[in-house]
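Notes follow once the structure below has been shown.
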Amino acid sequence: MVASGCFGPELGQLTDLRRLGGIVSRTVTLTPLRGVPTPRVAETPSGLLAGTGLQNDGVEAFLDRELPALARTRVPVFVSVGGASVEEYMQLSIALEPMGEALAGLEVNACCPSRDRDGRWFADTPEGASEVVGAVVRLTHLPVFVKLSAAVSGVAAVAEAGVRAGAHGVTLTHSLPAMAVNTGTWLPALASGDGGLSGPAIRAIALRAVHEVALALPGTPILGVGGIGTGSDAVEFLLAGAWAVQVGTAVFSNPAAPVEVAHGVMRFLAEHGLASVADLRGRLGSPPVPEPVAADGDGSDGGGEG
C-alpha cells in the first residue's frame, strides 16, 4: 500500500498502479487547514523530517475533487481522518459514510493533538485511542484501522484499547517526533520547530512496535509502515507479525518503490516455496523446512543411468 500523504495523481504516470494493494489518502480534516509556514521538510541522515500541519482542503473538497481521482485508479482506497476533537472525527465519519462503495476503509489518525487533552495525541493513552476509535466505528460500516505511534509508552496497551473499541486493525507506526537544527541560521530546520521523522532511520523502531502488538493481539490485522523501501524490508515486517505493509517516504525518491516492494516480496515467497504473505506472518524463527531429497533407485550405487 502507499502510506498516507505519499500518493499524488502523477504517480499513475510513473508506475503501474494496478500492482498496488491499496492507497491511503493524506489525512483529511473536517474544515480546511492551511498548515504551517515553510520550511516544512528537512533531510536527515537516513530519514526525512517533516512538519506540514496537516494541510488539506477539508472533507467537502476531498469528496468533490480528490476522492473521484483516487477512485479512478481502481485501487482500494482508505481515507485517513484526523481532528482536534472526538466530535470532528464523528462528523468526518458521517460525511464519508455515503461514499462507502468507493472506499475500502478508514484509517483513524490518532496521532493528532487533542484540544481537550492539552494538545496531547489521542494515541498517547489507551483512553484517548479508545474514545476516538469508538466514536468513528459507531458511525460507519467501513473497516477501521487506527494509526498509532511507536513513540508512546506501552503501544500494545494503546492498540488493545483501540481494538476493544471496535478497530478492525492497527497501523504502525506514525512518524516519530524529532527535530533538526540549521547551524547556518541558528534556528530549527523546520518552521514548526519539531516535526515527524520517517524513512529508514525509524524502521527498526517501527518493526519492534509491530512485533510487540502482534504478540499482544495475534488475531488483529496490522499494517506495518516505517522506512520500508525494499522487498526485504517488507518481509521483515511480515515476519514480525504485520499482515500487510505501507510504503511512504521511499516514494519521494523512487515513485516505483511500492511496486518494487511487492515484486520483492513475491520473489522471496517463490524462493522459499511459500504461497502467500500469510505464510510469512509472524514466523520469526520458523523458516520453512526444506523438502527431503528422495534417493534415486533402491539406494544401491549402481541404480539409475547417472
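Take the chain, connect every pair of alpha-carbon atoms lying under 10 Å apart with a spring to form a Gaussian network, then pick out the residue of 178, 244, 156 with the largest mean-square fluctuation.
178
State the extension gain, in nm to one decimal, for the chain segment bounded by residue 101 and residue 286, taking 0.36 nm per residue of separation less the distance between their alpha-carbons.
Full-extension gain reported as 62.7 nm.
Taking H as built 1.01 Å from N, whose amide H comes closer than 5 Å to the amide H of residue 5, not counting residues under 5 places away?
So residue 5 has HN proximity to 26, 27.
For region 28-173, with only Lys/Arg (+1) and Asp/Glu (-1) charged at the beta-carbon, what is the dipole magnitude about the Cα centre, in debye rounded to 20?
My answer is approximately 260 debye.
If I model a spin label at residue 117 and residue 216 as a point 7 Å from the Cα along the Cα→Cβ vector, what separation in nanometres do I get?
1.4 nm
Hey, can you find the accessible area per residue of the chain for me, probe 1.4 Å, expressed in square angstrom?
For the chain, the per-residue accessible area is 49 Å².
Quick check: residue separation of residue 127 and residue 230 times 0.36 nm, minus the Cα distance between them. What number comes out in nm?
33.5 nm
Kindly write out, for region 147-157 in residue order, the coupling ³J(HN,Hα) from the Karplus curve 6.51 cos²θ - 1.76 cosθ + 1.60 (θ = phi - 60°), rounded to whole Hz, with x marking Gly and Pro.
8, 10, 10, 6, 7, 7, 7, x, 4, 5, 5
Taking the Cα centre of region 90-203 as origin and charging only Cβ (+1 Lys, Arg; -1 Asp, Glu), how large is the dipole, in debye to the nearest 20? Don't skip to the answer; put the middle values down first.
Details: 7 positive and 10 negative charges, 32 e Å.
Here region 90-203 has a charge dipole of around 160 debye.
Each label point is 7 Å from the Cα along the Cα-to-Cβ direction; what then is the distance between the points at residue 185 and residue 274, in nm?
4.5 nm
For a quick check, take a GNM of the chain with Cα springs below 10 Å and name the residue from 226, 184, 119 with the largest mean-square fluctuation.
Looking only at 226, 184, 119, the largest GNM fluctuation is found for 184.
Roll a 1.4 angstrom probe over the protein heavy atoms and tell me the percent of accessible area of the chain that is carbon or sulfur.
Reported share for carbon and sulfur atoms: 55 percent.
Students often get this wrong, so try it: which of [x] -0.62, -0.71, -1.15; [y] -0.55, -0.66, -1.39; [z] -0.61, -0.74, -1.50 is log10 I(q)/I(0) by the Debye sum over Cα atoms at q = 0.10, 0.11, 0.16 Å⁻¹ as calculated from the structure shown?
Matching entry in [x] -0.62, -0.71, -1.15; [y] -0.55, -0.66, -1.39; [z] -0.61, -0.74, -1.50: [y].
If R₀ is 45 angstrom, what is the calculated FRET efficiency for the pair residue 164 and residue 69, using the beta carbon separation as r and rounding to 0.05?
Efficiency at R0 = 45 Å is approximately 0.80.
If you build a Gaussian network model of the chain, linking Cα atoms that sit under 10 Å apart, which residue out of 46, 85, 253 swings the most?
253
Based on the Cα coordinates of region 1-102, what is the per residue volume of their convex hull in Å³?
123 Å³
Give me the number: length gained by fully extending residue 87 to residue 46, i.e. 0.36 nm times residue separation minus the C-alpha to C-alpha distance, one decimal in nm. Before the final figure, lay out each step's value.
Values: separation 41, 0.36 × 41 = 14.76 nm, distance 3.77 nm.
Gain on stretching residue 87 to residue 46: 11.0 nm.
Could you go through region 115-129 in sequence order and give the Karplus-derived ³J(HN,Hα) for each residue, using 6.51 cos²θ - 1.76 cosθ + 1.60 with θ = phi - 60°, rounded to whole Hz, and x for Gly and Pro?
Running phi through 6.51 cos²θ - 1.76 cosθ + 1.60 with θ = phi - 60° gives 4, 8, 10, 6, x, 6, 5, 4, 6, 5, 9, x, 5, x, 5 Hz.
Would you kindly derive the ³J(HN,Hα) couplings of region 245-255 from the backbone phi angles with the Karplus curve 6.51 cos²θ - 1.76 cosθ + 1.60 (θ = phi - 60°), listing them in order in whole Hz, with x for Gly and Pro?
Per-residue couplings from phi come out as 9, 10, 10, x, 4, 4, 5, 5, 9, 8, x Hz.
The values are calculated or read from the model by the stated rules, or taken from the named source; none is laboratory data. Fair warning: this is a prediction, and the values are worked out from it, not measured in the lab. Please note: Cβ atoms are built from the backbone with ideal geometry, for glycine as well, and neighbour counts cover all protein chains shown. When the accessible area is computed, the model is the full protein with side chains, heavy atoms only, and any ligands, DNA or RNA have been set aside. Shrake-Rupley method; radii C 1.70, N 1.55, O 1.52, S 1.80 Å.
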